[in-house]
1. For GLU127 and GLU141 in one chain, what is 0.36 nm times their gap in residues minus the Cα-Cα distance, to one decimal in nm?
2. What residues have an amide H closer than 5 Å to that of ASP151, excluding those fewer than 5 places away on the same chain, when H is modeled at 1.01 Å from N in the peptide plane?
3. For HIS145, HIS360, what's the fewest-to-most ordering of other Cβ within 10 Å of each Cβ?
4. Sort 56-63, 226-233 for me by packing, meaning the mean count of neighbouring Cβ atoms within 10 Å per residue, highest on top.
5. Rounded if a/c is under 1.5, else prolate if a/b is larger than b/c, else oblate: which is region 273-330, with a ≥ b ≥ c the root eigenvalues of its Cα gyration tensor?
6. For LYS254, LYS150, what ranking results if the residue with the fewest other Cβ atoms within 10 Å of its Cβ goes first?
7. With each label point set 7 Å from Cα along the Cα-Cβ vector, what nm distance links ASN376 and ASP430?
8. How would you order 193-199, 268-274 from highest to lowest mean count of nearby Cβ atoms within 10 Å?
Amino acid sequence: MNISDTADKTTNKEKSGTTDEMTSEKDKLLGIRSPEGEVALYPASASTESTEPDFKFVLPVKGFDLGSFCGELDQDMLIEGRLQLEKEINTVKGQLTQPIYDLLHSDALTKENLLRASDKVTNSTVENKFVLLKRRYYVQENLLHDVKRKDLVVYEPNELFDLIMSVHVLNSHVSSKGIYNELSTFYANVTQSFCKLVTSFCSKCNESGNKISYKKFKHENIHANLIPLGRCHVEIFAPFDSAYQGNDNTDELKIEGKYPFVLYCRDYYSRYVWLEPLKSVTLSDLLPVMTKLLFSMIRMPIFIDTCTLDRQDMFDVCENIARIYKIKIGLGMNSSTSFQKTGIKRMKSLFLQHKEECLHDWNMCLKLVVSRLNQNYSDRVRGVPSDLLCSTQQDLHKKFRTLQRNVISRLLGHHVVQFEEAGGMIYLEDENSPNLLLSGDDNSEESEHDSEIFDELASSRDGTPISEQPSPHRTNMNYDGINQESEKHRITKKRSKKVRRPLDQDKHATRASVYNPYNIADVSMEL
């Protein structure tokens, strides 16, 4: 089997000693042999970790012999590993077995041959299976390609173990994750589980020789305990990497010639994505776009996170929106998490795959988001994001409002900024907020205390809002840290759990509303 799609990963001339003739498309497709005649060197992908800045990932070329690379390894473990991987391939849904691969590669696939090659296909299912295989796979230049996997080459199943193990040994016993990150850019049938299984049979890495238990699993939604729009993250990035290189002539890198950046928002629970074009990252341009994004949602998120925006800038933008439109906005603490970075990476990859269309028309960017992300099944959430966002959970709206109200009441007095003259509010997440947000329960007992915050501050925010000067009535707080030492008075109200009087009939609540601007009526104010 050979290496495909290496047009952008040619060898270093000093390493290979090749001439310009060897950089033809055909030679790139077949892999370029190094002077030693054993391996080819390609630049490592961005996802491959290495301490050397000029690291070259080593890949074997066509016709390699695993014995020449892995002679020092335990041969019995290698034989057992091949058998285990073969069993695994035969049991994984969607993976081609060697007999079916041979039929597709030789263009000899028929219904009769398919019935003989697979014991899982019956007379009642052979018609559908045959049509699906013919649609999904095609042969080009003697290579089998998988349409579903971005037209990547399908590596021969019987040789897959040798490929993964040789890459593992040639690259100083790199981890299974590094192998997957590199090989998955070339081949459609290389999975993380296969890489983990193969590397577990390396006698140098597994000196004890003990079998590593391999457990099958389905992807779980790591944010399944949240509710739709309970938490979102908003990011700003340039869809094309070269826009970061500081070139003067960047018009061709701007969408429709005027949008070098995009505003990206994703819901944690459903993975639903919103996109807005952005001319620049200045506050004057970001404000209207951010406002449009928030009001285009079916509900305002309880918490908004970010890993690409400065926290103080995010606070300034949300402050102006909350002040002008009299709404409540929650700012989360999660930043620089793998979940956020993975979402950006996937979105940029989607843009780069359709670079010409996206640069020409912004609507093409929206089409990609709709067809590839929002209305396509996601195994990470086990559903379609658009369906999950508009979930038909019973009393979801009531549950959402109650959850938001509980969060705000918990934060009152120490993590809330309310604009008295306008009615808007910003509440900031603390270490206790995530647990409250994950509970998702309709607790009948809400927070039973209000807080009184004085206007005397120990610190002040840097910068001023765009629209107006800071109000003398505004409680001044930093997004990075709230003054914990300011004087606070808590008024505890004892209410019966069986009978709850209306707010205007509760003398204790009336007293609290006099001294505290953050009363229960303000907390329950609808967006």
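1. Working: separation 14, 0.36 × 14 = 5.04 nm, distance 2.75 nm.
This chain segment gains 2.3 nm when fully extended.
2. Here the answer is ASP146, since their amide H atoms fall under 5 Å of that of ASP151.
3. HIS360, HIS145
4. 226-233, 56-63
5. Rounded shape, in that the Cα axes give a/c under 1.5.
6. Values: LYS254 18, LYS150 12.
Fewest to most other Cβ atoms nearby, the residues stand as LYS150, LYS254.
7. My value for the distance between the label points is 4.3 nm.
8. Numbers: 193-199: 21.6, 268-274: 23.4.
Taking the mean over residues of other Cβ atoms within 10 Å, the ranking is 268-274, 193-199.
Every number here is computed from the coordinates shown, using simple stated rules; none is lab data. Because the structure is a prediction, the values reported are computed rather than measured. Cβ coordinates were reconstructed from backbone atoms using ideal geometry, including for glycine residues, and neighbour counts include every protein chain displayed.
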